[in-house]
Amino acid sequence: MRLIVSFLAGIIFTMVVLACAGFVAVETGAVPANADGQPFPLEEWAAETALNAAIERDTKGLTNPIQPSDDNLIVGVHLYAENCAICHGASDAKTSNLAQGFYIAAPQLAKDGVEDDPEAHSFWKVKHGIRFTAMPSFTTTLKDEDIWRIAMFLKQMDKLPPAVDAEWKKVPSAASKPPM
């Protein structure tokens with residue numbers, strides 16, 4: 001019995017020491033808060049693991065109710081241009097000045113793409129955003145049907161029908177806008 005109590009006391013002591021060390025690290029500024037710093041490996045692991053678990057849990061059985069058509073894809077292109085291109089780029093995959101300053105780099109989707117992601121995953125990311133990144137939630141600004149259209153466009157971005165691809169190519173690059 002004494003061995004078990006000693007063992008549990010050791011675990012509790014270790015947890016208290018780690019918590020105190022973490023508190024001191026945060027309070028003294030040892031944990032960087034600057035957007036141009038590199039994340040700790042533990043920070044990257046925790047954020048990525050939590051995001052992937054939430055997406056897997058919340059997208060089970062979630063399917064796109066919008067039928068793929070040129071019209072729906074073109075609406076998706078226009079919604080992307082209005083809401084996403086400033087951070088995720090246009091068809092030229094050039095990074096805007098705004099996106100260059102993000103702590104966690106926003107993927108340039110014409111280059112980095114998410115075509116291999118399930119539509120439900122893209123829907124979830126656009127709808128809910130991603131905590132501790134610059135990715136906002138569009139829950140209050142876009143209807144679910146419009147978010148599905150964006151997700152559909154993203155899924156097919158690398159194999160768009162000609163009419164839709166022509167619209168995509170018309171989206172102006174935020175990187176080429178002249179400074180004011």
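The values are calculated or read from the model by the stated rules, or taken from the named source; none is laboratory data. These numbers were taken from a predicted model, which means no experiment stands behind them. Here the Cβ positions follow ideal geometry from the backbone for every residue, glycine too, while neighbour counts run over all protein chains shown. Only protein heavy atoms, including side chains, enter the accessible area calculation; ligands, DNA and RNA are left aside. Shrake-Rupley method; radii C 1.70, N 1.55, O 1.52, S 1.80 Å.
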Exercise for the section: Identify all residues within the range 83-132 that are hydroxyl-bearing (S, T, Y) and farther than 23 Å from A53 by Cα; write none if there are none. Expected result: S91, T95, S96
Exercise for the section: Name the single residue, out of those in the range 81-96 being in contact with a Leu (Cβ under 9 Å, 6 or more places away or on another chain) and open to solvent by 40 Å² or more (accessible area, probe 1.4 Å), that is farthest from V126 (Cα to Cα). Expected result: I86
Practice task
Test each condition in (1) surrounded by 10 or more Cβ atoms within 10 Å (Cβ to Cβ); (2) touching a Phe, Trp or Tyr at 6+ places or on another chain (Cβ under 9 Å) for P65 and report the one that comes out false.
Solution key: (1)
Completion exercise
Exactly one of L3, L62 is more than 30 Å from A163 (Cβ to Cβ) and either of a type outside the set (D, E, K, R) or in a helix (DSSP H, G or I) (or both), and that residue is L3
Problem - Matching residues in the range 120-147 - criterion: being open to solvent by less than 20 Å² (accessible area, probe 1.4 Å) and on the phi > 0 side of the Ramachandran plot - result: G129
Practice task
Scan the range 149-180 for residues that are more than 11 Å from V77 (Cβ to Cβ), of a type outside the set (K, R) and under 16 Å from the mean Cα position of the chain (by Cα) and jot them down.
Solution key: A151
Problem - In the range 18-33, residue nearest to E44 (Cα to Cα) [restricted to those that are open to solvent by 70 Å² or more (accessible area, probe 1.4 Å) and assigned to a helix (DSSP H, G or I)] - result: V26
